[in-house]
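Okay, structure first, notes after.
Just so it is clear, none of the values below were taken in a lab; they were calculated from the coordinates. Fair warning: this is a prediction, and the values are worked out from it, not measured in the lab. A quick note on method: Cβ atoms are made from the backbone with ideal geometry, for glycine too, and the neighbour counts reach across all protein chains shown.
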Amino acid sequence: MPDTNSETNNAGSAPGDEDMQPELLTQEEAARYLRVSRTTFWRLVKGGKVKGYRIAGTERLRFKRDELLEPMTPAQAAALDRDQNEKEHDR
């Protein structure tokens, strides 16, 4: 039975359209999917490495699962996190 209470469902789609609609993830879900911290994930968003989509009528962003793996691997994200930590340490 499909989960009808999840924010990541594509509400309003017609039956049979599930394969055509991208799965949308929250920030926390997307960070977990990439195996990075939420802080690192947010840096990726702010740095333009990950594209977020605004949900109409809200300030919330959602992220397309199939786009998350395009820009980088978890190792690349971890390297970004290390670089950011080094910059903060040098201040």
How do 35, 62 rank when sorted from fewest to most other Cβ atoms within 10 Å of their own Cβ? 35, 62
Among 45, 36, 50, rank each residue by its count of other Cβ atoms within 10 Å, from fewest to most, as a rough exposure measure. 45, 36, 50
Could you line up 38, 43 from fewest to most neighbouring Cβ atoms inside 10 Å? 38, 43
For 52-58, 64-70, ranked highest to lowest by mean beta-carbon neighbours within 10 Å, the order is 64-70, 52-58
